[in-house]
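The values are calculated or read from the model by the stated rules, or taken from the named source; none is laboratory data. None of these values were measured; they are calculated from a predicted model. Neighbour counts run over all protein chains shown; Cβ positions are idealised from the backbone, glycine included. Please note that ligands, DNA and RNA were not included when accessible areas were found on the heavy atoms of the full protein model with its side chains. Shrake-Rupley method; radii C 1.70, N 1.55, O 1.52, S 1.80 Å.
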Amino acid sequence: MNTIFRKSMLSVAGLAFAGGVFAGPIAAHAANPAVDGKPVAVAVQSAAPKPQGEQSHITLNDEQTANVKAIIAATKKAGLPERAAVISIATSLQESKLENLGHLGDKNDHDSLGLFQQRPTSGWGTPEQITDPAYSTTAFLKGLRQVDGWQDMALTDAAQTVQVSAYPDAYAQWEQQATDLVAQHWNS
C-alpha cells in the first residue's frame, strides 16, 4: 500500500513539474510578446503592507526627531524588526505627535502621559517611567509582542490591540511617515 501511494504521489509531482516547465514558459511568452530587445523593469512587491487610507504628515522638530531615534533604539535593544519600530512611531505620532507629553490639565485624557499617552492607573508604569522615551517604548513593545501575529497585521490593528484607543482606525494615517522615518534613521 505504501509503495502504491508513493508512486501515485511521484506521478502527480512529475505531472506538476512537467506542466510548469512546458506550459510556464509558453504561457509567459504568449502573454508578454516582446516588442523590442530592451530589458523591462519589473516591480517587486515588498513584504511590508501598503499604508491604509489617507495619510497624514507633520514636520518634525529636533525633540520629535530625538524621540524617533529613541523609539528605534529601544526597538533594536528589544531585538525586534523595523516593522515594530514603524508601528511604535505611527502610534506615537497619533497619540502625541512624537512629543513627550506631561500632564495636560483639562486637556488630558485621564492620566495619560508620554509619547504613547500611557496611563499610570492602567499599569503602564509610574509618571516618571512613562515620560522616559526608552521605558515607554519598551512598555509598548512588550504589549505588541503579546499580540499574536502582529507582524502580519495591519498597523492600525496591531497598534489598537496594544493601545485600546477610542479611535482605533486613527493609527493608519501615520504609517507612511513612520515607515519613512524608520527607513531614514534605522541605520544611523
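Using the structure shown, decide if residue 159 is within 21 Å of residue 58 (Cβ to Cβ), assigned to a helix (DSSP H, G or I), touching a Pro at 6+ places or on another chain (Cβ under 9 Å) and modelled with pLDDT of 95 or more.
Details: within 21 Å of residue 58 (Cβ to Cβ): yes; assigned to a helix (DSSP H, G or I): yes; touching a Pro at 6+ places or on another chain (Cβ under 9 Å): yes; modelled with pLDDT of 95 or more: yes.
Yes: the conditions hold for residue 159.
Any idea which of (1) charged (D, E, K, R); (2) more than 14 Å from the chain's Cα centre (by Cα); (3) surrounded by 24 or more Cβ atoms within 10 Å (Cβ to Cβ) is the one residue 63 doesn't satisfy?
(3)
Every residue, every condition in (1) of a type in the set (A, V, I, L, M, F, W, C); (2) touching a residue at least 40 places away in the same chain (Cβ under 8 Å), yes or no:
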site: 134; (1), (2): yes, yes
site: 137; (1), (2): no, yes
site: 140; (1), (2): yes, yes
site: 146; (1), (2): no, no
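Working only within region 157-185, note down all residues that are under 12 Å from residue 93 (Cβ atoms) and of a type in the set (S, T, N, Q).
Hits for region 157-185 are 173, 176, 177, 179.
Among the listed residues 53, 19, which satisfies the condition of being surrounded by 10 or more Cβ atoms within 10 Å (Cβ to Cβ) and at pLDDT 60 or above?
Details: 19 fails: at pLDDT 60 or above.
That would be 53, the only listed residue that is surrounded by 10 or more Cβ atoms within 10 Å (Cβ to Cβ) and at pLDDT 60 or above.
Any idea which residue in region 94-123 is modelled with the lowest pLDDT, counting only those that are outside any helix (DSSP H, G or I), of a type in the set (D, E, K, R) and open to solvent by 40 Å² or more (accessible area, probe 1.4 Å)?
Just the residues of region 94-123 that are outside any helix (DSSP H, G or I), to begin with: 97-104, 108-119, 123.
Retained after the next criterion (residues that are of a type in the set (D, E, K, R)): 97, 99, 109, 111, 119.
From the residues that got through so far, the ones that are open to solvent by 40 Å² or more (accessible area, probe 1.4 Å) too are 97, 99, 109, 119.
Details: 97: 97, 99: 95, 109: 53, 119: 89.
Going through the qualifying residues, I end up with 109.
Considering only residues of region 124-165 that are more than 22 Å from residue 73 (Cβ to Cβ) and within 11 Å of the chain's Cα centre (by Cα), which is surrounded by the fewest Cβ atoms within 10 Å (Cβ to Cβ)?
Result: 152.
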